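To start, the structure itself, in structure tokens.
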Amino acid sequence: MAINIHPTADVQSHQIGEGTRIWQFCVVLGKARIGRNCNVNCHVFIENDVVIGDNVTLKPGVQVWDGVRLGDRVFVGPNATFTNDLTPRSQRYPTHFVRTVVEEGASIGANATIVAGVVIGAYALVGAGSVVTKNIPPYTVWIGNPARPHGFITKDGVLLSKDLKDKAGRQYRIVAGEPQLP
């Protein structure tokens, strides 16, 4: 499988996995690492100290700054933004940027803001427009500004209430950290 880079994209990195597609007007700096079979939609900016896993989707308008790590199968919705400096000042750069981690399978909704230094757990869901200011446990749903826990979600995307029930009223339980039917 070939890498597909649109001619209007400015891709300086050579660390891009097979099958990855990079669309119009993207910028990918030289030290960024992008896995296999990723879909980097138009108008995405990826800085140098960024690691993106396999099968990741970045929708239009996403900015991924130094220090961000995205695990395999992560989804980042349109115009979602990561930050990497907790005390930014013009033309003053820290010696290192704060690390932000989005674990395997997590999804971030459109226009969400992820404040530097948080960990978003595996398969968690961040609602559209939410502002994430603290760590999010795996398999949980967070919404709002600031984002707060709203329920649970399964690996397959079934939304559950805080008492682990789906819309049909079926009761789930946590097994090895993951919501499952008994």
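Each value in this text was obtained by applying a stated rule to the coordinates, not by laboratory testing. Owing to the predicted nature of the structure, the values given are computational and were not obtained by experimental measurement. All Cβ positions, even for glycine, are placed from backbone atoms using ideal geometry, and neighbour counts span all protein chains on display.
Within the chain, DSSP assigns beta bridges of which about 25% are antiparallel (rounded to the nearest 5). Taking a ≥ b ≥ c as the square roots of the eigenvalues of the Cα gyration tensor, an a/c ratio of 1.5 or more together with a/b no larger than b/c marks the stretch 1-153 as oblate. Straight Cα distances below 24 angstrom link K155 to the lysines K59, K134, K165, K167, with same-chain residues fewer than 8 positions distant left out. Find the centroid of the Cα atoms in the stretch 118-157 and in the stretch 1-62, then give the distance between the two in whole Å. Centre-to-centre (Cα) distance: 25 Å. Using the empirical formula 2.2 N^0.38 Å as the baseline, the Cα radius of gyration of the stretch 68-132 reaches a ratio of 1.13.
Taking R0 as 22 Å, what's the FRET efficiency between Q12 and R36 from their Cβ-Cβ distance, rounded to 0.05? If you can, show how the numbers build up before the last one.
Values: r = 19 Å, r/R0 = 0.87.
Given R0 = 22 Å and the Cβ-Cβ separation, E is 0.70.
Along the charge dipole of the chain, pointing to its positive end and built from +1/-1 on Cβ of Lys, Arg, Asp and Glu, which listed residue (V50, G157, Q63) has its Cα farthest out? Farthest towards the positive pole: G157.
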